[in-house]
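Accompanying notes for the structure given below.
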Amino acid sequence: MEKEEVLKVYRHSLAHILAKAVIEIYGKEVQYAIGPEIEDGCYYDFVLPRTVTEEDFPAIEEKMHEIIKRREDWTRKVISRDEALELFKDQKFKHELIVDLPADETISIYYTGDDYVDLCRGPHVDNSQELFSAAFKIKNVSGAYWRGDEKRDQLQRIYLFAFPSKDELKAHLAWLKEAQERDHKKIGTALDLFMFRETAPGMAYWLPRGWILYQELMKYSREIQGAHGYTEISAPLINNKKLWLISGHWAHYQNNMFIVPGITKGVNATDAVQGEEAPEQYAVDAEDTMAAKPMNCPNAMMSYKRTMHSYKELPIRYSEYDVLHRKEKSGQMNGLFRVQEFRQDDDHTFVTPDQIKDEIKDVIAIADEIYKTFGITYRAEFSTRPDDFMGDIESWNSAEASLKAILDEKYGDGNYEINEGDGAFYGPKIDLQIKDALGREWQCGTVQLDFQLPHNFELTFVDKDGAQKMPIVIHRAIFGSFERFIGIITEHFKGAFPFWLNPYQVAVVPIRPEHNEYAQKVADELTKAGVRVESDLTDVNMRDKIKKFKQMKDPYILVVGDKEAAENTVSVNVRGSNKQLQGVALDKFVELCKKLNAERTLELPQEI
RNA sequence: GCCAAAGUGGCUCAGGGGUAGAGCAAUUCACUCGUAAUGAAUAGGUCGCGGGUUCGAUUCCCGCCUUUGGCUCCA
């Protein structure tokens, strides 16, 4: 068997052992649902008479070891649907699974010993003793909904790390520990980039160092988009609900919006504010109710609509970096990855149908250029027409064909995922997914075709034949939200950002106070060259200063003393090594910094 | 929203029914130093918020807030 196959069999078998252990501990009334293998092990879902907590883990693990040591045979049996339904008549989830199996499906069951049976396709080990060498550990327990549906039973899911050997488990746990060190929430605090406070749940406070980085990203984005013919607009942060009624957000997205109720004037007051200080009553259904924007598109439509447009003007590209607010359900927030306030490198491009292909191609080219700058790899996903689509099928078909042709050309047939029927109701889309340190995928870039908003806002352009036609809108973002992207790259670089992006690029440390003058001169020359410099001219031990700047992960720390001042040189301490480059000419160093900034170099040169 | 866990000085964390402790950071003094932790002293916390039990709660109980992991992988 292939190594991967072995791993699958191990994990799958261990899931059954887990179930058997849980049943032995919690009794026969346990309802067991499903137990697939996953990335680093497996899990099993149960309904249990009481909740499992961390304190229960050792007992479960011990029971699993005990079961494995029984050297029980695993026997496979093929049975009829009726036999299966009878056998699992007290197991509601198994029962449902059997009912849902296709009519011609072979139904197989596995006995582990003679007191535990599970519905399963297999394959498994033949005897528990094959699992002697397997290494496993309960990872955690969480709630999970039966079949992922929140309206159905809430199950307790027990996760297991599972590997064929102890060494592999150990290696995995070490990897996990390293990954946790990369956590952007930790690094963000350590590097003083951003913070979160209860005064604004899920909304980052950007601190001086972090805000420099943020702005560098926006600067880079604007530079690239400017070169690709984008024009930037900015629009109101809160809009009257009239806008959201037109766009459809009021009907479809209200739960995700922060709403500012208006003052009623004889309208029903549903959310009355009590007390003497607030005699007016605020209500969501008041005419002057406003809402913070969760998306930029409606205002972009308004901007387009202000005047007539000729086909000669298209494509029109309105990019936008405004702040967006989306209200999330509690429990959905996650550091910078999922926030309630963020900015996107957003854009809405208005095109004619025959411009779609070239335009999307250009978007993908921009995405490639940007992601390459960070050395980040992504996975493309193509989502096609859903059942509740809007518009006519011909438009959909041709739009999907255009997108598919671009994806095939770019990534090759089969090198991107297709999610049939997963598109938005207003159009098909391409999403670009990037992994965080823990391997979780987050959607960053997105390209969406939209036939709906132009319709809702009655957008037109005058075509060659003089007829008024409806443009198609392309929504797209490459970084996605800057917040999320910064989270991703913080973990990717472990806080050691590329030179061009690091909040401060060079730190200057004089050896003694008498070297302050020269240190200042060095700092001034670098600043003049557009380099972000910080220096410490206080009367403190130079070692302490170096330590402080190293902790902030400044790429280059310059130490200057008698020798450097005399020779107009600097001694360079390079991030990521203990290397010190002595006697580097100041001019030469300034030139290097300018080059690194101009080229947005990914790697930090270790030699100068 | 749901399941589980957590919240103690700026940061990292210990503690535990009798009103709190360490390291780092900060401040002061000494050291003036050639590339990641000099020494000494000082200051800093109504232990997330509200309620309950108790003579007494940061500790136990309840509610809320915030945060973390999971709720996608389908016998």
Fill in the blank from the handout: Two pseudo-spin positions, 7 Å from Cα along C-beta at A:Ser133 and at A:Ser330, lie apart in nanometres by 4.9 nm
Exercise for the section: Could you pull out the longest piece of chain A with no exposed loop GluC sites (Glu not before Pro) in it, calling a site exposed if DSSP puts it outside H, G, I, E, B and it has at most 11 other Cβ atoms within 10 Å? Expected result: A:459-602
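In the neighborhood of A:Ile472, defined by Cβ-to-Cβ distances under 11 Å, what is the net charge if each Lys or Arg adds +1 and each Asp or Glu adds -1?
Local charge sum for A:Ile472: -2.
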Completion exercise
In whole angstrom, the spacing between the Cα centers of the stretch A:590-608 and the stretch A:473-540 equals 13 Å
Exercise for the section: Return the sequence-ordered ³J(HN,Hα) values of the stretch A:58-71 in whole Hz as given by the Karplus equation 6.51 cos²θ - 1.76 cosθ + 1.60 applied to θ = phi - 60°, using x for Gly and Pro. Expected result: x, 5, 5, 4, 5, 4, 4, 4, 4, 5, 4, 5, 6, 6
Practice task
Using only the alpha carbon atoms of the stretch A:296-351, find the Kirkwood hydrodynamic radius as the inverse mean reciprocal pair distance, in angstroms to one decimal.
Solution key: 13.3 Å
Problem - Residue order, fewest to most beta carbons within 10 Å, for A:Ser13, A:Ser221 - result: A:Ser221, A:Ser13
Problem - the stretch A:183-258-the stretch A:286-317 distance, computed between alpha-carbon centres (Å) - result: 19 Å
Exercise for the section: Indicate, rounded to the nearest 5 percent, the antiparallel portion of the DSSP beta bridges found entirely in the stretch A:506-599. Expected result: 50 percent
Practice task
Please state, as a whole number in µm²/s, the translational diffusion coefficient that the Stokes-Einstein equation yields for the stretch A:493-559 at 25 °C and 0.890 mPa s, with Rh defined as the Kirkwood radius across alpha carbon pairs.
Solution key: 204 µm²/s
Exercise for the section: Scan the stretch A:160-206 for trypsin sites (Lys or Arg not before Pro) in coil per DSSP, keeping those whose Cβ has at most 13 other Cβ atoms within 10 Å, and list them by number. Expected result: A:Arg197
Exercise for the section: Average the reciprocal distances over every distinct pair of alpha-carbons in chain A, invert the result, and give the Kirkwood radius in Å. Expected result: 28.9 Å
Practice task
Return the long-range amide H neighbours of A:Ala286 (sequence gap of 5 or more, or a different chain), with a cut-off of under 5 Å between placed amide H atoms.
Solution key: A:Gly262
Completion exercise
Projected convex hull area of the stretch A:347-469, Cα atoms, direction-averaged, in nm², equals 8.8 nm²
Problem - Derived scalar couplings ³J(HN,Hα) [the stretch A:227-236; Karplus, 6.51 cos²θ - 1.76 cosθ + 1.60; whole Hz; x for Gly, Pro] - result: 5, 9, x, 8, 10, 9, 10, 9, 9, x
Completion exercise
Surrounding charge for A:Glu62, neighbours by C-beta under 14 angstrom, Lys/Arg +1, Asp/Glu -1, total 0
Exercise for the section: Per DSSP H run of n ≥ 4, the term is -39500 (n - 2.57); total these for chain A, divide by its residue number, and report the mean residue ellipticity at 222 nm rounded to 500 deg cm²/dmol. Expected result: -11000 deg cm²/dmol
Practice task
Quote the charge dipole size of chain A about the Cα centre in Debye, to the nearest 20; the model charges only the Cβ of Lys and Arg (+1) and of Asp and Glu (-1).
Solution key: 1380 debye
Practice task
Let me know the Kirkwood hydrodynamic radius for the stretch A:3-178, please, with Cα pairs as the basis and the value in Å to one decimal.
Solution key: 16.6 Å
Completion exercise
When A:Ile406, A:Ile238 are arranged by how many other beta-carbons sit within 10 Å of their Cβ, fewest first, they go A:Ile238, A:Ile406
Practice task
Note down the magnitude of the dipole of the stretch A:398-475 about its Cα centre, charges +1 on Lys and Arg C-beta and -1 on Asp and Glu C-beta and zero elsewhere, to the nearest 20 debye.
Solution key: 200 debye
Handout entry: Debye, to nearest 20: dipole size of the stretch A:3-178, +1 on Lys, Arg Cβ, -1 on Asp, Glu Cβ
Key = 200 debye
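Can you say what percent of the DSSP beta bridges in chain A, counting only those with both residues inside, are antiparallel? Round to 5.
Values: 83 of 97 bridges.
Expressed as a percentage, antiparallel bridges in chain A total about 85.
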Practice task
Could you run the Karplus curve 6.51 cos²θ - 1.76 cosθ + 1.60 with θ = phi - 60° over the stretch A:163-168 and give me ³J(HN,Hα) per residue in whole Hz, x for Gly and Pro?
Solution key: 9, x, 9, 5, 4, 5
Fill in the blank from the handout: The Cα radius of gyration of the stretch A:290-408, divided by 2.2 N^0.38 Å with N its residue count, comes to 1.26
Practice task
Would you please state the base-10 log of I(q)/I(0) at q = 0.09, 0.14, 0.19, 0.22 1/Å for the stretch A:118-240, with intensities from the Debye formula using one equal scatterer on every alpha carbon?
Solution key: -0.62, -0.99, -1.18, -1.26
Completion exercise
Note, A:Asn256: beta-carbon cut-off 14 Å, +1 each Lys/Arg, -1 each Asp/Glu, net +3
Practice task
Would you order A:Ser133, A:Ser535, A:Ser395 from fewest to most other beta-carbon atoms within 10 Å of each residue's own beta-carbon?
Solution key: A:Ser133, A:Ser395, A:Ser535
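Taking every pair of Cα atoms in the stretch A:506-599, average 1/r, invert it to obtain the Kirkwood radius, and report Rg/Rh to two decimals.
Across the stretch A:506-599, the Cα-based Rg/Rh ratio is 0.93.
Here, each number is a calculation from the coordinates, and none is a lab measurement. Everything quoted here is computed from the prediction, not taken from an experiment. Methodologically, a virtual Cβ is constructed for each residue, glycine included, from the backbone with ideal geometry; neighbour enumeration extends over all protein chains shown.
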